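Data first, discussion second: the structure below is written as structure tokens.
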Amino acid sequence: MKDKTGKQLGLGKLLEKGFMRLNTILLEIEVYIAHCFGSVPSHYVRRLIYRSSGIQIGKGSTIHMYARFYNPHNILIGRDTIIGEHVVLDGRAPLKIGNHVAIASNVMIYNNEHNIESEHFAAVEEVVSEPVTIADYVFIGPRVIILPGVTIGHGAVVGAGAVVTKDVAPFTIVGGVPGKVIGERKNRELNYSLGRAAWFR
């Protein structure tokens, strides 16, 4: 038997690929179930389903409706964090979101990408996937895209529509495509709570 590139497969490799394919299908089913429950207008129900699918969600945090996930098992969300509608959270490598983080609607966070130099346009293997870390008290505006390997420092702000391709220093404000420093957050003593999310969002 041959793989999609025409390479001949031995029995061992065939069994390995079959096992990997089965795991992928099971993960896709799990992700689809989480996606379906993403339209349920109850934070409690969604949190229950998301936690059962492997996402670690801290006390007082919530994910608003219609979120999409890639492998929820590597996603960790801290305390008192609110994540807006229609977000994409990529867990194919570790994604760590801190405490008191506000992420607006339609934000996309990726930590895996295709190898554009690959003869077969293969996805970059997990061993070279790059984690994304978002520190405490960060605010990420609507429609921001965060690319693999980025760390966003404590108290930083990412303006609406920015594409973040490299690390963001603590308390800086970035915007644009690609994201560049456009200002600085003056308040360095951040100690607020985001509070309760709207019930039916």
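This table checks each residue for (1) hydrophobic (A, V, I, L, M, F, W, C); (2) crowded, with 20+ Cβ neighbours inside 10 Å; (3) over 9 Å from the mean Cα position of the chain (by Cα).
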{"position": "61", "(1), (2), (3)": "no, yes, yes"}
{"position": "64", "(1), (2), (3)": "no, yes, yes"}
{"position": "69", "(1), (2), (3)": "yes, yes, no"}
{"position": "72", "(1), (2), (3)": "no, yes, no"}
{"position": "81", "(1), (2), (3)": "no, yes, yes"}
{"position": "96", "(1), (2), (3)": "no, no, no"}
{"position": "101", "(1), (2), (3)": "yes, yes, yes"}
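Hey, can you tell me all the residues within region 48-98 that are within 16 Å of residue 37 (Cβ to Cβ) and either part of a loop (DSSP other than H, G, I, E, B) or touching a residue at least 60 places away in the same chain (Cβ under 8 Å) (or both)? Across region 48-98, the qualifying residues are 53, 54, 55, 62, 64, 65, 66, 67, 85, 86, 87. Considering every residue within region 117-137, establish whether at least one is modelled with pLDDT of 95 or more, surrounded by 15 or more Cβ atoms within 10 Å (Cβ to Cβ), part of a strand (DSSP E or B) and not β-branched (Val, Ile, Thr). Checking region 117-137: not a single residue is modelled with pLDDT of 95 or more, surrounded by 15 or more Cβ atoms within 10 Å (Cβ to Cβ), part of a strand (DSSP E or B) and not β-branched (Val, Ile, Thr).
Would you mind telling me which numbered condition in (1) within 20 Å of residue 77 (Cβ to Cβ); (2) in contact with a Phe, Trp or Tyr (Cβ under 9 Å, 6 or more places away or on another chain) residue 141 fails? Condition (2) is where residue 141 drops out.
Within region 150-170, being surrounded by fewer than 19 Cβ atoms within 10 Å (Cβ to Cβ) and at positive phi holds for one residue alone: 161. If we scan region 187-196, do we find a residue that is acidic (Asp, Glu) and assigned to a loop (DSSP other than H, G, I, E, B)? So far as region 187-196 goes, yes, one or more of its residues are acidic (Asp, Glu) and assigned to a loop (DSSP other than H, G, I, E, B).
The values are calculated or read from the model by the stated rules, or taken from the named source; none is laboratory data. This structure is a prediction, so every number in the text was calculated from the model and none was measured. Positions of Cβ are backbone-derived with ideal geometry, glycine not excepted, and every protein chain shown enters the neighbour counts.
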